[in-house]
1. What tally of residues in segment 200-238 results from selecting those that are assigned to a helix (DSSP H, G or I) and either outside the structural domain of residue 371 (by TED's automatic domain parsing) or touching a strand residue (DSSP E or B) at 6+ places or on another chain (Cβ under 6 Å) (or both)?
2. Mind checking which strands (runs of 3 or more DSSP E) fall wholly inside segment 83-174 and carry at least 2 residues that are farther than 19 Å from residue 13 by Cβ?
3. Applying the selection to segment 344-363, what residues are within 18 Å of residue 327 (Cβ to Cβ), in contact (Cβ under 8 Å) with a residue 60 or more places away in the chain and under 25 Å from the mean Cα position of the chain (by Cα)?
4. Which condition from (1) in a loop (DSSP other than H, G, I, E, B); (2) touching a residue at least 40 places away in the same chain (Cβ under 8 Å); (3) closer than 23 Å to residue 325 by Cα is the one that residue 300 breaks?
5. Any idea which residue in segment 119-144 is nearest to the chain's Cα centre (by Cα), counting only those that are surrounded by fewer than 14 Cβ atoms within 10 Å (Cβ to Cβ) and free of Cβ contacts under 8 Å to residues at least 40 places away in the same chain?
6. On the given criteria, is residue 251 surrounded by fewer than 16 Cβ atoms within 10 Å (Cβ to Cβ), at pLDDT below 90 and assigned to a helix (DSSP H, G or I)?
7. Can you name the residue in segment 364-385 that is outside any loop (DSSP other than H, G, I, E, B) and more than 23 Å from the chain's Cα centre (by Cα) and, of all such residues, is farthest from residue 240 (Cα to Cα)?
């Protein structure tokens, strides 16, 4: 489009392929095969064969097109990151204005390999291009049930090759990957941008001990074994992380409401919902062939207030943390992500909640990530080890165990 409704299109690749791409362009898979070009694959054979079978309106296989995404932070990237590690993946930002005007370029209304996605001419369906870009450019998460998992993978299909001159920027997950790519680029003027959030990584992570970290980012992409959701005791998931859990994991909401109906959920006694399915399978494209997914994702329903209208109860939260400290090991929790309990909608302050969380979580002998409140910036002084561990009085043995 020429009206600036989206900034560009994006190509996902292995970092090792960048020199070849800058020399030859982004090639369709069939061209790579025909020309016997050596490359490092990021997609397995099953995905390649699925795309070989599917045809565009001109009768050509999807493999005869270089595929670009409107939103690169999508289920395919999640799958690739799970299998290849974010350190090895790059996203190339491609200038879109000229490409979408071409008569031979197609767009899909979702994952092009899906039978539910329509494929049409980009130049003849400009309104469709604008609608796709507007709908998914800022989408942060997706589900199977409403079609968003398929739709967020909308593609622009360019026959055979995309010239290197269209490549504008290269995104990577961290500064180490950026250094590696910059060495490859030499004198190139292309900008390499570390953008961890794009690769489902925290914006910021500070390790207090080898086990305990404070994190800024999206807890639901942490890949931790157990995710904690702040709840009330009356069965309402109206806002915040609870609302997100309600729509992204309906079974969690049903379990939570059942606990409330039976009056089993009370302050000081979190409930562990041991789902026998993995969040990785819900997020990743082609989950049936995901080789290294977490086997399961559990949810810890942690009451922070009795009624949703009330302020969070810091004393009740402390009793819940004591329960967690006493029970996490025998319940089988292998790693844990949790929000700043009671902050945000609960109206408690991080300066009070942070040290309290760390007092109890310090002793857990599993990886624990505490996610900072998203509603406001936390001053650096309130994120230091000295401040957050000020209520911890570890024994010499604990100090040695925690590397302090």
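The values are calculated or read from the model by the stated rules, or taken from the named source; none is laboratory data. Remember, predicted model here, so these are calculated numbers, not experimental data. Positions of Cβ are backbone-derived with ideal geometry, glycine not excepted, and every protein chain shown enters the neighbour counts.
1. The total comes to 1.
2. Ranges flagged: 106-108, 119-121.
3. Passing the criteria: only 361.
4. Status for residue 300: all satisfied but (1).
5. Across segment 119-144, the extreme among qualifying residues is 138.
6. When the stated conditions are applied, residue 251 passes them.
7. 385
Here's the yes/no breakdown for (1) buried (at least 19 other Cβ atoms within 10 Å of the Cβ); (2) at pLDDT 95 or above:
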| residue | (1), (2) |
| --- | --- |
| 61 | no, yes |
| 77 | yes, yes |
| 82 | yes, no |
| 95 | no, no |
